[in-house]
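The values are calculated or read from the model by the stated rules, or taken from the named source; none is laboratory data. Just so it is clear, the model here is predicted, and its values are computed rather than measured. Note that we place each Cβ from the backbone using ideal geometry, even for glycine, and neighbour counts take in every protein chain shown. The area values use the complete protein model at the heavy-atom level, side chains included, leaving out ligands, DNA and RNA. Shrake-Rupley method; radii C 1.70, N 1.55, O 1.52, S 1.80 Å.
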Amino acid sequence: MKLTILGCYAATPRTITNPTAQVLEIRNRMFLIDCAEGTQVQLRKNKLRFSKINHIFISHLHGDHFYGLIGLISTFMLLNRQTDLHVYGPKGIKELILLQLRLGNSYTGYNLYFHELESKKSEVIFEDEKVVVKTIPLQHRIYTNGFLFQEKVGDRKLNLDAVNKYSIDSCYFQKIKNGKDLTTENGTTIPNVELTFDPIPPKSYAFCSDTVYDESIIPIIKNADVLYHESTFLESEADKAEKTMHSTAKEAATIALKANVKHLVLGHYSTRYSDIEHFKKEAEFIFSNTLLADDGKIFDFD
């Protein structure tokens, strides 16, 4: 599971920082999460292939989370994209994007599907044979969702020593990896546990931005391998966090601790702060396994 931070600062773009966008690569799928201004440039800087992005998840309709979307959709058109593109986001996102395309007389040559969200309860919004994505309802000034990406349990791993011992033909390998026992030609049943090892434990990634401190999300993100949680402010500006419906680094760490996640990644920093290391120091008092997002930073979670 690989996470590339394209932008992780709040509000306005700067020459040295970008607002929220990130790419999650999981089970050979590439998901774009939020799409602020500058996302295309950051994708190019990080040498991420545009053509591999087929699913875009938008948390909410504040500009620092989706103002780059129309540009990316238009660039896909200029690149003669043919593959379907799916956009998941709050109700109204379809109207916004289609109005811009219509007024610019710019229509995509590929199928553009909008999956508009309005439920305030967690729901599955994407699923295939390897990955499932659920919403994480968040509390912000407008309707907002986080997203939980979960790998499905994969195939069991062949125990090659056992397979060779029983001289098992390769035509049975997939059946064995699917967890089935094997019955030989003479009627002997070989239990699957003798032929395989447990599959690699599935990983999960929870993206939570923007939100006030909200313990109601804990059951949804419980035991996640990685939690990205906004930390717009330090505790010294907790009053501003409450007023603007954002979180502090301390609050993000508290959620991580109570949810028993393995890693906490902080982001969505207010640009009022000159040194983001203060966020890490504040969070580590509560949750030691804290990491700092920054533009262009790549995390590999094996």
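Got at least one residue in the stretch 157-173 being touching a residue at least 12 places away in the same chain (Cβ under 8 Å) and touching a Pro at 6+ places or on another chain (Cβ under 9 Å)?
Yes; the residues of the stretch 157-173 include at least one that is touching a residue at least 12 places away in the same chain (Cβ under 8 Å) and touching a Pro at 6+ places or on another chain (Cβ under 9 Å).
Counting just the residues of the stretch 184-202 that are modelled with pLDDT of 85 or more and over 38 Å from the mean Cα position of the chain (by Cα), which one comes out most open to solvent (accessible area, probe 1.4 Å)?
Top of the filtered list is THR189.
For GLN42, state whether it is of a type outside the set (Phe, Trp, Tyr), closer than 28 Å to GLU151 by Cα and under 11 Å from the mean Cα position of the chain (by Cα).
No.
Would you check which residues across the stretch 17-54 are free of Cβ contacts under 8 Å to residues at least 40 places away in the same chain, out of contact with any Gly (no Cβ under 7 Å at 6 or more places or on another chain), open to solvent by 70 Å² or more (accessible area, probe 1.4 Å) and not in a helix (DSSP H, G or I) and list them?
Hits for the stretch 17-54 are LYS47, ARG49.
Taking THR144 as the residue in question, decide whether it is more than 30 Å from ILE220 (Cα to Cα) and in contact (Cβ under 8 Å) with a residue 24 or more places away in the chain.
For THR144, the condition - more than 30 Å from ILE220 (Cα to Cα) and in contact (Cβ under 8 Å) with a residue 24 or more places away in the chain - is not met.
Looking at the stretch 55-66 only, could you name the residues that are aliphatic (A, V, I, L, M) and in contact (Cβ under 8 Å) with a residue 60 or more places away in the chain?
LEU61
Quick one: count up the residues across the stretch 51-87 that are of a type outside the set (D, E, K, R) and more than 23 Å from GLY146 (Cα to Cα).
Of the residues in that region, 10 qualify.
Just to check your reading of the model, which residue among GLU277, GLU230, GLU284, GLU251 is farther than 30 Å from GLU129 by Cβ, open to solvent by less than 10 Å² (accessible area, probe 1.4 Å) and out of contact with any Lys or Arg (no Cβ under 7 Å at 6 or more places or on another chain)?
None of the others qualify; the one that does is GLU230.
If you take the residues in the stretch 122-177 that are closer than 30 Å to THR188 by Cα and among the β-branched types (Val, Ile, Thr), which one is nearest to the chain's Cα centre (by Cα)?
VAL153
So is LEU266 open to solvent by less than 20 Å² (accessible area, probe 1.4 Å), modelled with pLDDT of 95 or more and within 21 Å of the chain's Cα centre (by Cα) or not?
Taking the combined requirement at face value, the residue satisfies it.
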